[in-house]
Amino acid sequence: MRCSHCGVCCTETEMLLSKYDIKRLVDKGYRQNQFVRFDKAGYGVLKNREGYCVFYDRVKRRCHVYLDRPSGCRVYPVIVDDEKGIVLDAICESRNSISEEEKILKGKRVVKLLELIDFEATHRRS
């Protein structure tokens, strides 16, 4: 994928985080309460600041944690649509730079990631 760094995907993000995503960022020196909130259903969600992901630098148009970014950010713009299945997010202006093969591979990863995150959230609630 050839990202244009437009920042649209980092605007008002609702990116779900796995335990591994959280641990990776904590291990890099970030405090958990800086970047994650847990919703009522037990899901870890990336925080926003001033309308953007807490890790997005609006001046440089870059992610502060790019090498350690959450798994969902790594597979983006491949997402799961409840009705259509694996799709490319329509808001991403670089979505056409993804090959069908990459979409299929990332689609498999996003499905596994969502299953893991669902499992983790279920266990946080219990």
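The values are calculated or read from the model by the stated rules, or taken from the named source; none is laboratory data. This is a predicted model, so every value here is computed, not measured. For neighbour counting, all protein chains shown are included, and Cβ atoms are generated from backbone atoms with ideal geometry for every residue, glycine included. In case anyone asks, the SASA skips ligands and DNA or RNA and just uses the protein heavy atoms, side chains included. Shrake-Rupley method; radii C 1.70, N 1.55, O 1.52, S 1.80 Å.
The number of residues in the range 115-126 that are modelled with pLDDT of 95 or more and either in contact with a helix residue (DSSP H, G or I) (Cβ under 9 Å, 6 or more places away or on another chain) or not in a helix (DSSP H, G or I) (or both) comes to 3.
When only residues in the range 74-94 that are touching a residue at least 40 places away in the same chain (Cβ under 8 Å) and open to solvent by 60 Å² or more (accessible area, probe 1.4 Å) count, which is nearest to the chain's Cα centre (by Cα)? Give the steps one after another, and end with the answer.
Restricting attention to the range 74-94, the residues satisfying the condition of being touching a residue at least 40 places away in the same chain (Cβ under 8 Å) are 76-77, 89, 91-94.
Right, trim to open to solvent by 60 Å² or more (accessible area, probe 1.4 Å) and you get 91, 93.
Values: 91: 14, 93: 17 Å.
Within the range 74-94, the match that is nearest to the chain's Cα centre (by Cα) is 91.
Would you confirm whether any residue within the range 14-26 is among the polar types (S, T, N, Q), under 27 Å from residue 125 (Cα atoms) and in contact with a helix residue (DSSP H, G or I) (Cβ under 6 Å, 6 or more places away or on another chain)? Yes, some residue in the range 14-26 is among the polar types (S, T, N, Q), under 27 Å from residue 125 (Cα atoms) and in contact with a helix residue (DSSP H, G or I) (Cβ under 6 Å, 6 or more places away or on another chain). Scanning the range 35-62 for residues that are in a strand (DSSP E or B), over 13 Å from residue 11 (Cβ atoms) and open to solvent by 20 Å² or more (accessible area, probe 1.4 Å) returns 37, 38, 57, 62.
The requirement of being closer than 22 Å to residue 89 by Cβ and open to solvent by less than 50 Å² (accessible area, probe 1.4 Å) is not satisfied by residue 9.
From the residues in the range 12-34 that are hydroxyl-bearing (Ser, Thr, Tyr) and open to solvent by less than 60 Å² (accessible area, probe 1.4 Å), which one is modelled with the lowest pLDDT? Lay out the reasoning, then the answer.
Looking only at the range 12-34, we keep the residues that are hydroxyl-bearing (Ser, Thr, Tyr), and these are 13, 18, 20, 30.
From the residues that got through so far, the ones that are open to solvent by less than 60 Å² (accessible area, probe 1.4 Å) too are 13, 18.
Working: 13: 95, 18: 98.
Ranking the candidates gives 13 first.
In the range 63-73, the qualifying residues are those that are in a loop (DSSP other than H, G, I, E, B) and not aliphatic (A, V, I, L, M), and the one that is least open to solvent (accessible area, probe 1.4 Å) is 70. A count restricted to the range 1-52 and to residues that are among the hydroxyl-bearing types (Ser, Thr, Tyr) and closer than 21 Å to residue 80 by Cβ stands at 5.
Are any residues in the range 95-126 under 14 Å from the mean Cα position of the chain (by Cα) and closer than 18 Å to residue 39 by Cβ, and if so, which ones?
Restricting attention to the range 95-126, the residues satisfying the condition of being under 14 Å from the mean Cα position of the chain (by Cα) are 106-107, 109-114, 116-117.
Across the range 95-126, the qualifying residues are 113, 114, 116, 117.
Filtered by the rule that a residue be open to solvent by 30 Å² or more (accessible area, probe 1.4 Å) and in contact (Cβ under 8 Å) with a residue 12 or more places away in the chain, the range 105-126 gives 109, 111, 114, 116, 122, 123, 124, 125.
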